[in-house]
Structure formats: C-alpha cells, structure tokens
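Below is one structure, written out as structure tokens; comments come after it.
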Number of protein chains: 2
Amino acid sequence: MKKIGVAILGLGVVGGGTYKILTEHREFYRTTQGVDLEVVCVLEREKSRIESLGIPKELVAKNIFEIVSNPDVNVVVESIGGITEAKGYVIDALNAGKTVVTSNKELFCKYSHELERDARRMNVGLYFEASCVGGVPIIRTLLDGVQSNKIYSIEGIINGTTNYILTRMTKDGMSYEDALAEAKRLGYAEADPTADVEGFDAAYKLSILSSLAFHTKVPFANVFREGISKLTREDIDNGRGLGYVLKLLAVGKETERGVEVRVHPTFVKSTHPLAGVDGSFNAVYLTGDSVGEVMLYGRGAGELPTGSAIVSDIIYASTHDGNRYSTFKNTEDADKDVKFVTDFESAYYLRLTVTDKVGALSKITALFAKNNISIVELMQKSLDAERATVVLVTHSTHEEAVKNAVSRIDASDVARVESVIRVLS
Amino acid sequence: MKKIGVAILGLGVVGGGTYKILTEHREFYRTTQGVDLEVVCVLEREKSRIESLGIPKELVAKNIFEIVSNPDVNVVVESIGGITEAKGYVIDALNAGKTVVTSNKELFCKYSHELERDARRMNVGLYFEASCVGGVPIIRTLLDGVQSNKIYSIEGIINGTTNYILTRMTKDGMSYEDALAEAKRLGYAEADPTADVEGFDAAYKLSILSSLAFHTKVPFANVFREGISKLTREDIDNGRGLGYVLKLLAVGKETERGVEVRVHPTFVKSTHPLAGVDGSFNAVYLTGDSVGEVMLYGRGAGELPTGSAIVSDIIYASTHDGNRYSTFKNTEDADKDVKFVTDFESAYYLRLTVTDKVGALSKITALFAKNNISIVELMQKSLDAERATVVLVTHSTHEEAVKNAVSRIDASDVARVESVIRVLS
C-alpha cells in the first residue's frame, strides 16, 4: 500500500482539526482509499496545542528545515495563516519537492503565481480547497465538476462570521453591536473582526474562486469591497417588508463588458436559494452555460469542516498520478489583458430622509430620472414633524449612475441619502 | 496539445446535448483545459437526430465495431440508456481499450461490478457522473470532495419528474393526475411514467450514490421503494398545515445496525434546506463525520445539464493520468457481509378514518401505545355524520411497529388507515 508522510505546519483550529481527522481515520483511509496517511511531523511553537492534541514529542520539528529535509515527508500542510512565515515555508516545501496543501486564502490569493511557478518547476502538487468555504468542495467542483462550462456568474455567502451576524440581526432583531459581541463570545469572530466584517476575508476567497471560474488571475486589488459594519436594523427590516433578506454577497461575473468582482451587503429575494443560508453556513451559487444553476451549501469554517477539505486534498494528491494546477492563466501580469468592470449593473435599495415639504419628492424622483434610474417601488413614511423617510428600490441600473444621483441628492436642500444597498437581480 | 477523439453512442436528449457542448466549446477547452476534444464518430439509427444536430455523414458509424476498432477513438460516451444494447456496447468499448463515460444509471447500478472488472483489466477509465442528478457533480464530490469523511447519511431529491409533480400539487393545488399530464406535456415525464413515479429511477441513483458513500456495493434489489402515484392533495395539505413539505426522498444511511436505503414520499420540515428544492430541481444533502452537512443543488436532468456532466467526465479522463474507479467494494458478492436494515427508524404521518363513536379514539391510541409508538401531534376533524378524519404524527419509531399498528387498526371495527407517510426526522 502507498504510504504518504504528512507534515502539518501550525496546529491552530485548522491544523488541529487536520491532525485529529488524519489520526482517527488512518485505518479507514487504508481500507477505502488504499493509501496509508501518516502524520510524521508537525511544526508548532505553542506547547499547549501539542499537548492538548496528544502529539508525541518526537513528531515535533524544531524548524522548517527539519521538515523539508525529511525524506519521509511527502505532503506538507500549511495551516499557519497570514503571509509572514507561511509564504517562506510553503516555498521551502515546494522547492524541496514536497506537495503542499494549504488553507491559506490570503497567501494563495496574493501569491498563487509565485507558488504555482515553483510547484510546476518541481513537478509537485499545490492544493488549496481548504482556502475557500471550509468543507464545501467548491474548488474541486470548479476544477473537475463544472469545468465543461463557461461560467457566467458566482454568487456566494462565503464568510461565516458576517452571515452569523446578519442572521441574528434579521431573525432575532439584534443590533449589529450585540450580534458582533455574541459572535466573538461564540468564537465565530476574532477579537479584531476587521478582516471578516469589512469583507477582506470574502474578497480573498472571491479572488480565488473568480480566477478559477473565469480562467484568469483576478487580483485582490480588483475586488470591490464594502463591509457590514455600517448596516442598520432599520434597513434590514425595510428590506424584509419588501421580500428581501440581507446577506454579505460575493459576486463574480464575466460578461461581454469584462470581469466584475465585488463583495458588499446585498438584498436577496427571500425565494432565492441563497436567502435560506443562515447562521454560520455558507453557500456558492453558480451559473454555467450548460449546467445552469448549481448551488453548494455547507459549513464554511471550523476545525473539522476545514480539516475535511485539507484531508480530501491530501487523499486526492495521494491517489492521482501527475499534478494538476489551477486552470487559470496564472502569471504576475495575467490580468493585463482582462477588462475589469467597475461601473457594474445592479438594482439598488435606497433610504432617504426627506424634508417634508411640497415638491420634495418630485425633486428627488426627477434626479433619479435625470440619471436614467427607474424606480420599481417607493414607500414614504413620516419620521417626525418636519421629515419623512423614503425607501425605494430601483430597476437594474449602473453603479456610477447611482453614485451620481446620490451626490446630487445629498447636495440638494430637500433630502439626504442614509443608505445605499445593492439588490441581487 | 493532447488530442482526444470522442465517440457518442445514442443521440437522444443526453447524447445530443453532449454533441452540442463538445462542438461549441472545442476552442474553449483547448484554451482552458489544454486538451483538444473532437467528436470523431457517432452511432445513431434515427436519421432525423443526426440531421437536426447537423452532424456530417462521414462521422456516422454503421455499427459498434466500426467505433471500437477506430484508433482515433479514445473515449466512448454511452447515452443510449437501458440495458439491451448499451451493456454489450460498453463492454466492447472497454475491451477495445477505450475509456467509457456513461449516463446510464440502470446499467451502472446493475452491472458496475462487471464493467469495472473489464475497465481495470484493460486499464481504462469508467466514468458515470451523468448517471446521477444531471449536472450536479455529486459523484465527483463523493469520490474527490468529501472522501475524507465517514458518510452517515445521504438524503436526496434525485428525480426531477416526481419533484415537478409534487411541487405543482403542493404549490398550485393540482391533482396528481393533472400534474402528471402537465409533466408529460412539458417533456418532464415519459409516455409511460412508471420508472419515475414508482421510484425506480431514484432507486437506481440511490444504489449508486450509497455504494460510493458507504464503500460497498448496494444492490438495487436492497432499495426499499414506494412511489408517488397514490398520494393525495389531502395529505399534502394536511402536512403543510403541520409545517411539512412532501418530497420523494431517497435516503441512504449507515448506522451501527447496518446500511439502509429507501425511496419513498417523505414529509420534510419546511425549514430544511431540501424543502425549498422545487420543480425540476434536484438536491443531495449529505452528512459526514468531519464536514458536517453539505448540500448540492441543481438541475437533475435535461440535455445540457446532463451533457455538462458527461463532458466534465471526458475532460477529467483526458487531464488526469491513471484511472480511478469507484471507491466501493465492487464484486458480485460485495454485499455479502453487509447488513441491510429493513426495519428502519423514522417518524410517521398517518391519516385515519374513524367511526365517530365513544371510545374509538382511545382504542386507536391504545393500539399505538401497544406498539411502542408515541404520538407528537394529533388532529381530529369531522368527515360526515358518522365518521371523522384523524391525522397524527409520531415520534421516531420503527417501520415494523407502524406496519403492525396499521394492520391492527385496519382489523378493528373503529377505524381504517387511509395513508402512511414517512417523516424526515
């Protein structure tokens, strides 16, 4: 039986989960996959982590060199995260002829061209299923399941922290602050939640998924990004009244105008399959020219779901001869001849505070008309003696047109735009 | 660039879709997959099909021997369906050293052990993604995406015809007969709908999916099967009132008691992700020990979705060195040491007609109690002067206990059981 030695770098949540799965399932994989996966060494500074996993001392390496020079190591799992140490370690492993399996979205998003160049040169594997949407096999699906399709669009709820917060705000009437505090207590949000709530995490993943879907490197810098930290219960409730659920959506599209990639709060029709994706669950909804709509749903994070993705990659690497890399044009300047669309099309929800005087509403609607924005729904309700709240939803229009209308309204003396939220159409 | 010659056997819905995708995407696959896929011959008796696809005459083979002896053919697509011709053709192709891609669920379900034996002996590929759930990459997911998991259960809506009929009955108040007639008109149901409405089609697919999930051949004969042709609007409406949606569910489980596989109408809680899978859409919801719950959703049939799965298999076969077969123990007697559970556990919905006299209800509830069946909900409503309808939902219990209680009730003089529907718990 083929024997594969595995080294794990970093025994945090993901690395710890990977260790548990590998050790508990060793016999299972021998029987069902015909491969013997053995953890032969680990790299981890925190002694408490090693002890709580019950890892024998002789498996603990002193440094990366001990690992990459160990001939018993075939696969190196990188679950450290970040760039500082991880990047160098992964490059060392590849250059030592080890196959690398990583859960590091930031690393793969920013440096896939460097890493793949090394992997190809050394003819070793480079796998990254665990970098996106935890245990949901979305990378495998894009590479081997729907690769027969021209993908038109990807729409995903790909960050569990923000989805948990928005679900609590929507279903349980919590404020953003309370929901965030709870998410921190439950371990769904970090002490500094910026990466999640401002959409960086989702943008890294969208960059990777869009690169695969559209067959060209989509740089992180090209992802439009807007977080959830300024959302209010009022808008969530207004949207609900109109039949929408608010989600932090990652959207990638390829149209005749080019590639567009964006992460922002989005109202989704309550009948859309993505609308029911609640709590810490994630989902990716994609549309291909032959397959039509496909959705993958599951747990986007957590030690065992993400560990599941890592171990699936290890088994894949161990049971397939030859190495396949990403199917996107992956060089430093791969995006050179791609047109990125920033003036994207969308429908919009807007909330305005309007001075309650004759002609105010007509002034506003005229400003929309001037920008070629047509309105589907409009509700006005009294706010106080002098002001009213106006909520409206537009037909599909252009980002620039809305920006323009908003700045004109804000410059007027009759209204102020309180919030602008895109609507999935 | 690697050049792969493809032969297509049968140009019905699936074969025709495959031909269209391959010819329209040839340049796309050259660019994105680095492989040149060319249809080099087809086998089809009906001239009209060949003409409507615009296939050049010189590509039409006279018989299977012309195809399997053609050195330009690397991959043979079998989209004839059924057993009669298809089985012999597939065996001929494998024995001639051709990789086979099939959409034939009945063939793979019944003869996978024979076909795989030939494929292994000849060291060629045998792919069957298109046999289950159209374009949804569920086979790929089980083989390469969640193979790191012990799978506890699969629950699937895996037949589009019946889901279309049930959705029309549920959402639009149609009778079974009217919904079936409409499904026929729209091409969702065949002239003889038996294979779909009596659950054969779903049972073939469940046999294949369960074999992969539980790593042992699950024979078709072991699948418990009950169709939708006897369902009534009354039960659908009663279920809705209790918060359930009725689906034809395929359920595969592995527990300490053994493997259980069953296809039957099932009430699903309206908040369950499967409850929202409507019309001709399909979905598979699976639970693994590490990944937790994963759902794949998409179009379970149709020329392009199923063609998408076939072409994905062709690309996979063309871009991966070596051949991987099913990961289940696949011999004629593979099921010998598997225990199949027939007395499965489930919750139940029952509708009874009860004689409206003193003590009737108490007699019935006593019969349930005697069989260790405890009742969660019970509703009684008057039917006419002498009779009442009683609807009840049980806690999780055993199939045999319910059968026993039902026959006792039917034998009594106070009530008759009108319907028994399992409830997903």
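Axis-proximal residue of chain B for the rotation onto chain A, reported as residue and distance in whole Å: B:D321, 2, based on Cβ position.
Which of rounded, prolate, oblate describes region A:316-425, given a ≥ b ≥ c as roots of the alpha-carbon gyration tensor eigenvalues and a/c under 1.5 marking rounded, otherwise prolate only if a/b is larger than b/c? It comes out prolate by the Cα gyration axes. Rounded to the nearest 20, the Cβ-based charge dipole of chain A about its Cα centre (Lys and Arg +1, Asp and Glu -1) stands at 360 debye.
Only one residue of B:T365, B:V42, B:G156 has its Cα farthest out toward the positive end of the dipole of chain B, where Lys and Arg carry +1 and Asp and Glu -1 on Cβ, and that residue is B:T365. In the context of the full set of protein chains, residues of region B:138-299 present 31 Å² of accessible surface per residue (probe radius 1.4 Å, heavy atoms only).
For B:K2, the aspartates and glutamates whose Cα falls under 15 Å of its own Cα, not counting residues fewer than eight places away in the same chain, are B:E27, B:D36, B:E38, B:D72, B:D321. Each other copy places its own label point for A:S425 at 4.8 nm from this one, sorted shortest first, where the point lies 7 Å along the Cα-to-beta carbon line. Remark: region A:272-285, residue by residue, has Karplus-estimated 3J(HN,Hα) of 6, x, 6, 5, x, 7, 10, x, 8, 6, 10, 7, 10, 10 Hz, where x stands for each Gly or Pro and the curve is 6.51 cos²θ - 1.76 cosθ + 1.60 at θ = phi - 60°.
In degrees from 0 to 90, rounded to the nearest 10, what is the angle of the helix B:13-24 Cα long axis to the longest principal axis of chain B? The angle comes out at about 40 degrees.
Buried accessible surface for the A/B pair, both sides summed and rounded to the nearest 100, is 3900 Å² with a 1.4 Å probe. For the protein assembly as shown, a simple Cβ point-charge model (Lys and Arg +1, Asp and Glu -1, everything else neutral) yields a dipole of about 120 debye relative to the Cα centre.
Axis of helix A:105-122 versus longest Cα principal axis of chain A: the two differ by about 40°, to the nearest ten degrees.
Between copies, the label points of A:K336, set 7 Å from Cα on the Cα→Cβ line, lie 6.4 nm apart, reported in increasing order to one decimal in nanometres.
Counted over the protein assembly as shown, the DSSP beta bridges are approximately 70% antiparallel. Placing unit charges on each Cβ (+1 for Lys and Arg, -1 for Asp and Glu) gives chain A a dipole about its Cα centre, and among A:T167, A:G300, A:V338 the Cα reaching farthest toward its positive end belongs to A:V338. In this structure, the residue pairs whose Cα-Cα separation is over 30 Å, taken from A:K184/B:K247; A:K150/B:K87; B:K57/B:K184; B:K230/B:K253; A:K3/A:K110, are A:K184/B:K247; A:K150/B:K87; B:K57/B:K184; A:K3/A:K110. In region B:138-299, what percentage of the DSSP-assigned beta bridges are antiparallel, given to the nearest 5? Beta bridges within region B:138-299, antiparallel portion: roughly 95 percent.
Across region A:152-169, computed HN-Hα scalar couplings (Karplus, 6.51 cos²θ - 1.76 cosθ + 1.60, θ = phi - 60°) run 7, 7, 10, 10, x, 9, 10, 9, x, 4, 5, 5, 5, 4, 5, 5, 5, 5 Hz from first to last residue, x flagging Gly and Pro. Classification of region A:19-77 by its C-alpha gyration tensor yields an oblate form. The axis ratio a/c (a ≥ b ≥ c) is 1.5 or more, and b/c is at least a/b.
Eigenvalues of the alpha-carbon gyration tensor of region A:138-299, scaled by 5 and square-rooted, set the equivalent ellipsoid semi-axes at 27, 17, 14 angstrom, largest first.
Accessible area per residue, 1.4 Å probe, Å², for region A:345-423: what's the number?
Computed with neighbouring chains in place, this is 49 Å² per residue.
Panel values: chain B, Kirkwood radius from alpha carbon pairs, Stokes-Einstein at 4 °C and 1.567 mPa s, translational diffusion coefficient 56 µm²/s. Candidate cross-link partners of A:K370 among the lysines, defined by an alpha-carbon separation under 16 Å and a same-chain spacing of 8 or more, comprise A:K403. Once the Cα atoms are used to define both axes, helix A:176-185 deviates from the longest principal axis of chain A by about 10 degrees. Each copy carries a label point for B:V60 at 7 Å from Cα toward Cβ; from one copy, the others' points are 7.5 nm away, ordered from shortest. Could you sort the residues of region B:258-292 by number and keep only those whose accessible area is reduced by 50 Å² or more in the all-protein-chain setting relative to the chain alone, 1.4 Å probe? By number: B:S290, B:V291.
Residues in region B:246-261 carry Karplus couplings, in order, of 8, 9, 7, 9, 9, 10, x, 9, 10, 10, 4, 7, x, 9, 10, 9 Hz; the curve used is 6.51 cos²θ - 1.76 cosθ + 1.60 with θ = phi - 60°, and Gly or Pro positions show x.
Shown here are the Rg and Dmax of the Cα trace of the protein assembly as shown, at 28.6, 87 Å. Considering only beta bridges that DSSP places wholly inside chain A, some 70 percent are antiparallel. Largest first, the residues A:L383, A:L43 sort by 1.4 Å accessible area into A:L383, A:L43. Residues whose amide H comes within less than 5 Å of that of A:Y348, counting only those at least five positions distant or on another chain, are A:T394, A:V423 (H built at 1.01 Å from N in the peptide plane).
Explain nothing, just the number: dipole magnitude of region A:345-423 about its Cα centre with +1 on each Lys and Arg Cβ and -1 on each Asp and Glu Cβ, in debye rounded to the nearest 20.
80
Carbon-plus-sulfur accessible fraction, chain A (probe radius 1.4 Å, protein heavy atoms only): 49%. Charge tally around B:A385: other residues with Cβ under 12 Å, Lys/Arg +1 each, Asp/Glu -1 each, net -1. Think of region B:138-299 as having a plus end and a minus end, set by charges on the Cβ of Lys, Arg, Asp and Glu; of B:L274, B:T232, B:V245, B:L274 sits farthest toward the positive end of this dipole.
The values are calculated or read from the model by the stated rules, or taken from the named source; none is laboratory data. Here the structure is a predicted model, which means the values were calculated and not measured. Ideal geometry is used to build each Cβ from the backbone, glycine not excepted, and the neighbour counts take in all protein chains shown. Please note that ligands, DNA and RNA were not included when accessible areas were found on the heavy atoms of the full protein model with its side chains. Shrake-Rupley method; radii C 1.70, N 1.55, O 1.52, S 1.80 Å.
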